[in-house]
1. In region 305-332, what residues are within 29 Å of Val255 (Cα to Cα) and either in a helix (DSSP H, G or I) or not assigned by TED's automatic domain parsing to the domain that holds Thr246 (or both)?
2. For Val444, state whether it is under 30 Å from Leu536 (Cβ atoms), β-branched (Val, Ile, Thr) and outside the structural domain of Glu354 (by TED's automatic domain parsing).
3. Can you tell me which residues in region 637-694 are more than 27 Å from Pro128 (Cβ to Cβ), of a type in the set (Val, Ile, Thr) and at pLDDT 80 or above?
4. Please determine whether any residue of region 473-490 is closer than 30 Å to Lys611 by Cβ and in contact with a His (Cβ under 9 Å, 6 or more places away or on another chain).
5. Just give me the residues in region 288-304 being surrounded by 18 or more Cβ atoms within 10 Å (Cβ to Cβ) and part of a helix (DSSP H, G or I), in sequence order.
6. Within region 473-488, track down each residue that is of a type outside the set (S, T, N, Q) and either in a loop (DSSP other than H, G, I, E, B) or over 15 Å from Phe510 (Cα atoms) (or both).
7. Going through region 214-224 one residue at a time, which ones are surrounded by 11 or more Cβ atoms within 10 Å (Cβ to Cβ) and either part of a loop (DSSP other than H, G, I, E, B) or touching a helix residue (DSSP H, G or I) at 6+ places or on another chain (Cβ under 9 Å) (or both)?
8. So in region 479-504, with the set limited to residues that are over 12 Å from Val464 (Cβ atoms) and among the basic types (Lys, Arg), which one is modelled with the highest pLDDT?
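The values are calculated or read from the model by the stated rules, or taken from the named source; none is laboratory data. Because the structure is a prediction, the values reported are computed rather than measured. Here the Cβ is made from the backbone with ideal geometry for all residues, glycine too, and neighbour counts use every protein chain on show.
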Amino acid sequence: MPTSKRETVEKTTGKKASPAVMSQAQASQRIEELTDLVHHHDFQYYVLDDPQLSDAAYDLLYRELVELETRYPELRRPDSPTKRVGGIALEKFNKIKHRAPMLSLANALSEEEFKAFDERVHRFLDLPDNQTLEYYAELKFDGLSVNLTYEKGELAYAATRGDGETGEEVTHNIRTIRSVPLRLKTKTPPKLIEIRGEVVLPIAAFEKLNEEQAKRGQKLFANPRNAAAGSIRQLDPNIAAARPLTAFWYGVGQVEMDGKARPPFTAMSEYQEQLSQWGFRIGPHRQICKGVNDVLKFYRKIESERDKLPFEIDGVVIKLNRLIDIDRAGYVSRSPRGMIAFKYPPRQETTTVEDILVQVGRTGALTPVAMVSPVKLGGATVRRATLHNQDEIDRKDIRIGDQVFIQRAGDVIPEVVRVITEARTGKEKKFKLPDHCPVCNSRVERNPGEAVVRCTNHNCIAQVKERIRHFVMKDAMNVEGMGERIVEELIDNQMIKSYADIFRLKKDHFLKLEGFADKSSQKLIDAIDAARKPELYRLIFGLGIRHVGERTAKTLANHFGDIDSFFGVSADQFEQIHEIGPEVARSLNEYFTDKDNLKELKELLKFVEPKAPKRGTGAGKLVGKTVVLTGTFPTLSRTDATKLVEEHGGKVSSSVSKKTDFVVAGEEAGSKLEKAQALGVRVIDEDALLKMLA
């Protein structure tokens, strides 16, 4: 590796033998030298923003490497920088299962919400309120989340976040990003490591890209994040290679070291320094914060500088700095309790409410939507905004024709903030939700204590469409390829009207739809057949029961084990299940006692056979048991240990109480271990847990 700019220039411009007269040994040595030189200057230019060569000098290096590799292709290194540029387009994306799930983050939308997060973390860690926690603060980039997997220091493959468990392989496009190292800069890399980060398109590059799209008469991108995601999800790598994408890296998934060696970091701050040493680009603004006040200072400082940044952010991410504390704090649903996305107030614009339409959802809820004059907001063109419900319309006194402020709630969903009443002319019209469904003309009703008005017709075509869209989605029954448009066409053409009808479809049905040929029709039939034996929780979630999300569906599946056990269960019995509250219990009872729902479900069960939750060889050994995990285990990650307990019927709790059956303690177990000992709760180690379940 060069030690100075002068040495580099000499190696670049000095007299060299022509590839045609080089021996293979000489060519091999020169290819090694050139590969390292080009990687070094890519790092200086794309990661450090500190080029040591002119473009012309760099081009000489690169061209010489290409010439040598062309003459001696067998000497080309797996991490050669010439592999970054373009390549053959793929026919489709492969699916990649992440070794450790890519979790999402909960949001804090105000300083009060962040303070409440800090209070919760103190409780999760069993710490006194006045004890100062050490947080790690960094930027929340607005791009495409990606997972890189390195094996023995070499980039093996890259995948999008997907559903958190499985993503799409995009290695061919990630290789074109010159700030992504193809080989870690170390002689002692981990055996395997998953590195998480965000692919972004700088704002200036985004604006230039849209100018070029407009000149070619092509569709404009809504915002830099949309452009980055669109670039990475191209089958042709030449498209990604032509765009100046970059990436910032900050997260870690599974780590496997040779032998018994531990990863060379124990804190998020150490990990990011390690990333930098390995050759990755890390965020330009990051800080260890001692307690809430330090975090708030960092948050306000970045907010004041947000508009000067060359890339889009929508907040900062706050994490417990010590990895063991993140693990001890535990996880809820798909989010770690020790991290949070601290969002900035959404940006606002003014526009005019041109009309108010009513949408009907899968549970019959009537939702008013404002159709507004198109306006740019946060990089996207907004044409509609949610009004939530009639109470919200009345409270804000929103009328058709009003000039209003709108914002993107959490920088995502546009909503009307307030009316500019001083701009009224007297021509504005008040709005009231109809007393009959705008789709099927059935009576609507509003239950006591609810703000939502609902259509009472279970067979309302709008409800049917939304229910079936939800049923076939990836996180539910996962009927791949059956998107919103196809569902709508099938229903409009009276080919389906219930869940069971999906499994009655034949190839001929799809051939009657516009755009379908023999191959695409068969592909959908195959996808439907693949969904006939879903995991039980997917079926429960797919039914679209009010208040039942994916995590609750998993809890119910683990508790009951089969769908037949749901019938005849009272609301009180549902409420006895761990993590099921009174509102969810009431909703479950209403669903499984409703004659229309039962008729539809029993018809569906003629075609699908839900699989019981996996419980391993020791099935049910922890049924009814509450387990607390604390500390670091020798072989199991916290995620793996939690999964193991749940697969055997147990429930993992974040806090120790007299109701805890036993605690599994590892190294640096801390206050939870002390509390267990004080309460006389049984304590075991990882080895004892594995033997118990063997």
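1. Leu323, Ile324, Asp325, Ile326, Asp327, Arg328, Ala329
2. So Val444 does not fit the description; no.
3. Val645, Ile684
4. yes
5. Within region 288-304, Val292, Val295, Phe298, Tyr299, Ile302 meet the criteria.
6. Met473, Lys474, Asp475, Ala476, Met477, Val479, Glu480, Gly481, Met482, Gly483
7. Scanning region 214-224 gives Leu220, Phe221, Ala222, Asn223, Pro224.
8. Looking at residues that are over 12 Å from Val464 (Cβ atoms) and among the basic types (Lys, Arg), I get Arg504.
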